[in-house]
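Chemist: This is the structure I want to talk about, given as structure tokens.
The values are calculated or read from the model by the stated rules, or taken from the named source; none is laboratory data. This is a predicted model, so every value here is computed, not measured. Note: ideal-geometry Cβ built from the backbone for every residue, glycine included; neighbour counts use all protein chains shown.
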Amino acid sequence: MKTKTNALVFSLVAIFAISTVMGITLQDADAADNKWKFKKEPSFTATLNTVPSTPAGFDGTATAKFWLDKNGESLKYRISIENMDISGGATSETSDDVTKLHLHENHHGAHVLNVYKAPGEDDADLVVKPTKGFIKGIWDDGDENQSYGGHDNSETLTSQLKNLCDGNLFTMIHGDGGVGVLRGDILPTSDGEKICEKLDKKGLLDSGMEEEHES
């Protein structure tokens, strides 16, 4: 009788343990799914256009959408690229290669986030889908990287909230030889303006970035 009781206890313990693990796994899966859920309306958008350094005959295009959370702690983004080789290995030509992709600030042109390729990929949540034509990620304070020095550093999102809300950030895609080929200002939508207004009221739009460059 004692053996049967022990066996029953062990079985119940095993079932409980498996249920707990499954519960944790499902919670993790749900969290991962929620992480990449995008609202229908973005907080910011950018339409990238050619720049003076864009080579003649270049036909690449790109658009970007951004979603800022209500606390200003993370910025999800999805950058869609057409007629360019994101991986650099899909075509035999190099003239259509994406060689670098960054977010910059307008005042001095410095990087604020190194997204893809050189000088580094600082977004820990970066996802690149070359065959589907998009790059996505989540910029937060954990992506800061000051190891490059000066112009090339990745900054914290919170230090750039004012620039973001004021329309003073832009997306830049570089092509063959590192030349800038597509650029688009990141501008707030009506949803973004509402979030920025609330962050401003909380005093969260103060940034030391401008003072740092001026000093």
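Chemist: For Ser159, indicate whether it is hydroxyl-bearing (Ser, Thr, Tyr), over 27 Å from Pro55 (Cα atoms), in a loop (DSSP other than H, G, I, E, B) and assigned by TED's automatic domain parsing to the domain that holds Phe66.
Modeler: So Ser159 does not fit the description; no.
Chemist: Of the residues in the range 176-199, how many are closer than 17 Å to Asn71 by Cβ and surrounded by 15 or more Cβ atoms within 10 Å (Cβ to Cβ)?
Modeler: Looking only at that region, the number is 6.
Chemist: So, of the residues in the range 88-114 that are surrounded by 14 or more Cβ atoms within 10 Å (Cβ to Cβ) and part of a loop (DSSP other than H, G, I, E, B), which turns out to be farthest from the chain's Cα centre (by Cα)? Working first, answer last.
Modeler: Within the range 88-114, the first condition is being surrounded by 14 or more Cβ atoms within 10 Å (Cβ to Cβ), and the residues that meet it are 88, 95-106, 110-114.
After this cut, where a residue has to be part of a loop (DSSP other than H, G, I, E, B) as well, the list is 88, 95-96, 98-99, 106, 110.
Working: Gly88: 20, Ser95: 25, Asp96: 23, Val98: 17, Thr99: 17, Asn106: 18, Ala110: 17 Å.
Looking at the filtered set, the residue picked out is Ser95.
Chemist: Filter the range 162-215 down to the residues that are among the acidic types (Asp, Glu), in a helix (DSSP H, G or I) and at pLDDT 95 or above, then identify the one that is farthest from Arg78 (Cα to Cα). Full working, then the answer.
Modeler: The first filter runs over the range 162-215 and keeps only residues among the acidic types (Asp, Glu), leaving 166, 176, 185, 191, 193, 197, 200, 206, 210-212, 214.
Of the ones still in play, those that are also in a helix (DSSP H, G or I) are 176, 191, 193, 197, 200, 210-212, 214.
Right, trim to at pLDDT 95 or above and you get 176, 191, 193, 197, 200.
Details: Asp176: 22, Asp191: 17, Glu193: 19, Glu197: 23, Asp200: 25 Å.
Here the residue is Asp200.
Chemist: Quick check, is Gly137 surrounded by 16 or more Cβ atoms within 10 Å (Cβ to Cβ), part of a helix (DSSP H, G or I) and either among the β-branched types (Val, Ile, Thr) or modelled with pLDDT of 95 or more (or both)?
Modeler: No, not satisfied.
Chemist: Looking only at the range 140-155, count every residue that is free of Cβ contacts under 8 Å to residues at least 40 places away in the same chain and either part of a loop (DSSP other than H, G, I, E, B) or closer than 14 Å to Ile86 by Cα (or both) and tell me the total.
Modeler: Number of matching residues: 5.
Chemist: Additional query: I'd like to check something: does the range 73-83 contain any residue that is modelled with pLDDT of 95 or more, out of contact with any Asp or Glu (no Cβ under 9 Å at 6 or more places or on another chain) and either part of a loop (DSSP other than H, G, I, E, B) or of a type in the set (Gly, Ala, Ser) (or both)?
Modeler: Yes, the range 73-83 contains a residue that is modelled with pLDDT of 95 or more, out of contact with any Asp or Glu (no Cβ under 9 Å at 6 or more places or on another chain) and either part of a loop (DSSP other than H, G, I, E, B) or of a type in the set (Gly, Ala, Ser) (or both).
Chemist: Let me spell it out: the conditions are (1) modelled with pLDDT under 95; (2) closer than 30 Å to Ser92 by Cβ, and Gly150 meets all of them except one. Which number is the exception?
Modeler: (2)
Chemist: What are the residues in the range 38-87 that are surrounded by 15 or more Cβ atoms within 10 Å (Cβ to Cβ), touching a helix residue (DSSP H, G or I) at 6+ places or on another chain (Cβ under 6 Å) and under 18 Å from Tyr116 (Cβ atoms), if any?
Modeler: Ile86
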